[in-house]
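Nothing in this text is a laboratory measurement; each read-out follows from the coordinates by a stated rule. Fair warning: this is a prediction, and the values are worked out from it, not measured in the lab. Glycine gets a Cβ as well: all are built from the backbone with ideal geometry, and neighbour counts include every protein chain shown.
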Amino acid sequence: MANRGIVEVVRELGLAAVIGQPVEIVLTEITNRLAPDGTTLEDAVARRAFNETLTAVFEKYGVEQDGLTKLNSLDAEGVREAIEMSIVSYIYQRWLQELEIKVEERAISEQEAVRCERDVRIFVRDAVSVDMAGKNLLTLSWNDRESQEIIERIYQQAYSTLER
């Protein structure tokens with residue numbers, strides 16, 4: 001993206017019609033094109049995580065105010081941050097799904113759930129930051145065993161907060 005620019009990338013994705021549109025339309029179309037459709041629970045988690053990350057990146061780079069081309073300033077460190085954000089969001093959204101089940105089962109009160117949400121989000125963010133430190137997230141394969149084990153380990157640690 002750094003060499004070609006965001007507008008060219010968006011055109012290559014077949015989304016030229018969103019260029020210049022309000023940010024909500026751009027977010028929706030990019031999510032619909034790149035994220036899983038959400039038909040399975042796992043796909044729904046991935047879709048929510050993708051949308052949350054994309055929204056955060058758009059906010060950070062001022063896309064709503066300055067347009068899509070503002071993402072041209074996204075350098076390697078910005079991409080690394082976005083990848084780390086997406087990992088945090090994926091683990092957290094997966095955990096949140098389990099929390100909702102616990103609340104529905106009345107295993108956790110709504111007040112406890114609110115406290116847990118805040119604490120677990122911070123825990124996941126910090127754990128991902130520590131575990132990903134020193135790794136080149138731009139070249140890391142997310143389908144390899146090591147990456148999946150890191151994600152699963154952090155998820156299991158977060159999930160253990162729901163076990164009583």
When the chain is fully extended, how far beyond the present Cα-Cα distance does E24 get from E163, taking 0.36 nm per residue of separation?
46.3 nm
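Say R0 is 25 Å: what FRET efficiency, to the nearest 0.05, do A76 and N143 get from their beta-carbon distance? Display every interim value, and only then the final one.
On the way: r = 22 Å, r/R0 = 0.87.
The value I calculate is 0.70.
Quote the relative contact order of the chain in percent (integer), defining contacts as alpha-carbon pairs under 8 Å separated by 6+ residues. Numbers along the way, then the final one.
Numbers: 135 pairs, mean separation 34.1, N = 164.
With pairs under 8 Å counted, the relative contact order is 21 percent.
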Ranked from fewest to most other Cβ atoms within 10 Å of their own Cβ, E105, E42 fall in the order E105, E42
Residue separation times 0.36 nm, minus the C-alpha to C-alpha distance between D126 and D37: what's the value?
29.1 nm
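Report the relative contact order of the stretch 1-59, percent, no decimals, based on alpha-carbon pairs under 8 angstrom and at least 6 residues apart. Write out the running numbers ahead of the final one.
Numbers: 33 pairs, mean separation 12.2, N = 59.
Worked out over the stretch 1-59, it gives 21 percent.
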Relative to the present Cα-Cα distance, how much length would full extension add between D66 and R153 at 0.36 nm per residue of separation?
27.4 nm
